[in-house]
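Asks: Below is a structure I'd like to ask you about.
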Amino acid sequence: MFTRFSRMLLAALLFAAPAALADDDTFVFGGDTYASGATPSLRQDSPRSAFLSGFSVTLDGAVTRNAHLAGARVRADGPVSGDLYAAGFSVDVDGAVAGDVSIAGANIEIGESASIGGNARLFGGTVEVDAPITGSLLAAAGNLTLNAPISGDAMFAGDEISFGPDATIGGTLTYSAPEEIDIPESVISPEKVTFHKLTPSVTETTDEDEALVSSDTVKVTGYITTLVFMLALAAFFLTFTPTRVEAMRARLMTRPLASLGYGFLALSMLIGAVPVALLTLVAIPLIPFVVLATVIAWTLAYLLAVFALSWWVVTKIRPMRASLLNMLLATAAGLVLMSLLHYLPFFGWIANMAVVLIGLGAMAAICGKGLQERRLRRTAPPAAPVPATPSEPAEPPELPGEDTPPRTQ
């Protein structure tokens, strides 16, 4: 299951890679249309395939062949004559797709005005299908809702599977869930249904002697949701605060040891504020805010450090232009690599902790420098006005007089 999810997300990102050639621009090359930037919106028709990437991606024009979309928020409203590939935190499809649809995201919605002429492959946290599908449907989600006719076979995997009044399945249904669900006969005949029970993995906790139950589907969905969320967060800051991010990245790369020390002090202050608040009693109501600030700082520091280190490695291997898509692809590769380090005994958590500390130190140094400069500007005495220098009077032109020799005729 994990391999299928990873290939789906990686394929969508690679399909969008050619759009890195342009920044906030749309151009046609070889019949294909490319668009990238913060909020690319393709309203013109594409003669062949379309490649869109950015923070908020919108497809309104018609695509003659295939459409490849990647971003934090993705909308596909235009008709696609071929296949549709999309990856993002939120993916909405409201246009007609003549071919297959392959989507990975946290929230996926196939609207009522859409239609799918081929097969549909949907992988996400929450998936809702309200449009008819001519082919088969393969879906894996934490929460899946089907409210449309499926002409072919269907295969579902999820914790919660529900059917609306318009749901019908023309072929067979194979589904995997923690418990068997009651499927109305109006959806499909009971003899055409096959149920597989999801076997949970149980991890015992030594402190409270309780069990933590989670299925493989939840783990994979959670991993992809976290990855997409981190990339969306990175895209937001790279788009709206590029100067501040570049200052923090430069600080981290030029003074990594100092950033590590500052990060240790900053994290110690955040964590140490909790017992101090308990001792003072009056500050106990502030503890939730301290915990929230610690979580936010930890997440942003980790993301900053992964971006800085990944971009440094990528540019050392092959110099490339600092476009939004290139930086997001480097960050995605770094996040995947750092997640794999968790499985490395002993050294894995040390490496991840070091990444958080140097990122937090760079953030603390730049933010502290900005506060200091702002305070100096407020406390600095106003500059004394510079007195105006009186201009010297121009010398009058010399007039012919007694000392002036007469002109020779």
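The values are calculated or read from the model by the stated rules, or taken from the named source; none is laboratory data. All values reported here derive from a predicted model rather than from experimental measurement. Backbone-built Cβ (ideal geometry, glycine too); neighbour counts: all protein chains shown. These accessible areas exclude ligands, DNA and RNA; they are computed on the full protein's heavy atoms, side chains included. Shrake-Rupley method; radii C 1.70, N 1.55, O 1.52, S 1.80 Å.
Asks: Can you work out ³J(HN,Hα) from phi for every residue in the range 126-138, in order, using Karplus 6.51 cos²θ - 1.76 cosθ + 1.60 and θ = phi - 60°, giving whole Hz and x for Gly and Pro?
Replies: With coefficients 6.51, -1.76 and 1.60, one gets 10, 10, 10, 10, 10, 10, x, 10, 6, x, 9, 10, 10 Hz.
Asks: When the Kirkwood hydrodynamic radius is evaluated over all pairs of different C-alpha atoms of the range 31-120, what value in angstrom, to one decimal, is obtained? Walk me through the numbers on the way to the answer.
Replies: Working: mean 1/r = 0.0818 Å⁻¹.
Over the range 31-120, the inverse of the mean reciprocal pair distance is 12.2 Å.
Asks: According to the square roots a ≥ b ≥ c of the eigenvalues of the Cα gyration tensor, what is the shape class of the range 227-333, taking rounded for a/c under 1.5, prolate for a/b larger than b/c otherwise, and oblate for the remainder? Present the calculation step by step, with values, prior to reporting the outcome.
Replies: Details: a/c = 3.26, a/b = 2.07, b/c = 1.57.
Note, shape of the range 227-333 comes out prolate.
Asks: I've got another one for you. Of 288, 362, 349, which is farthest towards the positive pole of the range 254-382's charge dipole, taken about the Cα centre with +1 and -1 on the beta-carbons of Lys, Arg and Asp, Glu respectively?
Replies: Of the candidates, 362 comes out farthest on the positive side.
Asks: Separate question: For the range 250-267 and the range 95-145, write down the distance between their C-alpha centroids in whole Å.
Replies: 45
Asks: Here's a follow-up. Show me, for the range 102-118, the HN-Hα J-couplings you get by feeding each phi into the Karplus relation (A = 6.51, B = -1.76, C = 1.60, θ = phi - 60°), rounded to Hz, glycine and proline as x.
Replies: Karplus-based 3J(HN,Hα) across the range 102-118 equals 10, 9, 10, x, 6, 10, 10, 9, 9, x, 5, 7, 8, 7, 10, x, x Hz.
Asks: Tell me the per residue accessible area of the range 268-347 using a 1.4 Å probe; a whole number in Å² is fine. List each step's numbers first, then the result.
Replies: Details: 4960 Å² over 80 residues.
That works out to 62 Å² per residue.
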